[in-house]
Amino acid sequence: LIQQRSEKVRNPLVWSATGGSVIAGENSYDGAIREVKEELGLDLTKHNGYLFDSSLYEEDDQKYWCDTYLYFIDLDINTLSLQKEEVKQVKYEKMEIIKKMMNEGSFFIYDYLDELEKAEQK
């Protein structure tokens, strides 16, 4: 499941995974659960998932951790309630199309995509 960012946010109209940042006092899991609930209206606490990747990044002279959680859910996207201020639309897409979108610049670049593809095939 991928989402297209709205025109009103940083990197407008770029496709990506659902994400965001934690707030003070929140751990990465709680932040991920909150962000998905806010942006998609989906309560991930009802589903099983796991921490897939945790990496340290440096951007604009700032360092930050990016934790990625992976969930496999049978979901009708028409049941989602999108936060229009942040999300324009969602869709399911195949990995080869996502890679093509990344090469074209229409999808946010994730350096763990090959590992994600391996996990998806399990």
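Here is how the numbers come out for the structure above:
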item	result
Residues of the range 42-60 classified as modelled with pLDDT under 95, of a type in the set (Asp, Glu) and within 28 Å of residue 81 (Cα to Cα), total	1
Criterion (open to solvent by 40 Å² or more (accessible area, probe 1.4 Å), of a type outside the set (Val, Ile, Thr) and under 19 Å from residue 11 (Cβ atoms)) met by exactly one of 39, 59, 96	59
Options 109, 23: the member that is β-branched (Val, Ile, Thr), exposed (fewer than 12 other Cβ atoms within 10 Å of the Cβ) and under 13 Å from the mean Cα position of the chain (by Cα)	109
Test result for residue 7, open to solvent by 40 Å² or more (accessible area, probe 1.4 Å), of a type outside the set (Gly, Ala, Ser), at pLDDT 95 or above and in contact with a Gly (Cβ under 8 Å, 6 or more places away or on another chain)	no
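Residues are listed down the side, and each one gets a yes or a no for (1) at positive phi; (2) out of contact with any strand residue (DSSP E or B) (no Cβ under 6 Å at 6 or more places or on another chain); (3) among the hydrophobic types (A, V, I, L, M, F, W, C):
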position	(1), (2), (3)
15	no, no, yes
30	no, yes, no
41	yes, yes, no
54	no, no, no
59	no, yes, no
62	no, yes, no
85	no, yes, no
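The values are calculated or read from the model by the stated rules, or taken from the named source; none is laboratory data. The structure presented is a predicted model; accordingly, all values stated were derived computationally and were not measured. All Cβ positions, even for glycine, are placed from backbone atoms using ideal geometry, and neighbour counts span all protein chains on display. Heavy atoms of the whole protein, side chains included, go into the accessibility calculation; ligands, DNA and RNA do not. Shrake-Rupley method; radii C 1.70, N 1.55, O 1.52, S 1.80 Å.
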